[in-house]
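Accompanying notes for the structure given below.
Each reported figure results from applying straightforward, stated rules to the coordinates on display, with no laboratory input. Quick caveat, the model's predicted, so the values are computed rather than measured. Note that each Cβ is placed from the backbone with ideal geometry, even for glycine, and that neighbours are counted across all protein chains shown.
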Amino acid sequence: MSQVITLAVSGISCGDCRQAIGSAVGAVTGVSAAQVDAEARTVDVAYGASAALPRIVAAVEERGYEISGYAAMWRAS
């Protein structure tokens, strides 16, 4: 089973932001997809059991962005 979480991220304003966050989150072990929406200032992350949510959050924060909220759901993989 995989999880999908939508993170609200403060500070996303351009394509460079989108790329920086997408590559950082995508590099986290167990993340299968990361879709960054600069206009909505969100990141949709699909990840499996081997990815820990704190590592995903840390990947965003290490790039200088702040998580301001989230919503999660589970789906069969």
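Summary table below
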| quantity | calculated |
| --- | --- |
| Dipole magnitude of region 2-75 about its Cα centre (Cβ charges: Lys, Arg +1; Asp, Glu -1), debye to nearest 20 | 200 |
| Identified option (computed Rg/Rh (Cα atoms, Kirkwood Rh); candidates [x] 1.21; [y] 0.99; [z] 0.94) | [z] |
| Counted charge near residue 17, where neighbours are those whose Cβ lies closer than 10 Å (Asp, Glu -1; Lys, Arg +1) | +2 |
| Relative contact order, percent, region 2-75 [alpha-carbon distance under 8 Å, six or more residues apart] | 47 |
| Per-residue [θ]222 nm for the chain (sum of -39500 (n - 2.57) over DSSP H runs n ≥ 4, rounded to 500) | -8000 deg cm²/dmol |
| Rel. contact order, % - alpha carbon contacts under 8 angstrom, at least six apart, region 1-42 | 50 |
| Degrees between helix 15-26 axis and first principal axis of the chain (Cα, 0 to 90, nearest 10) | 30 |
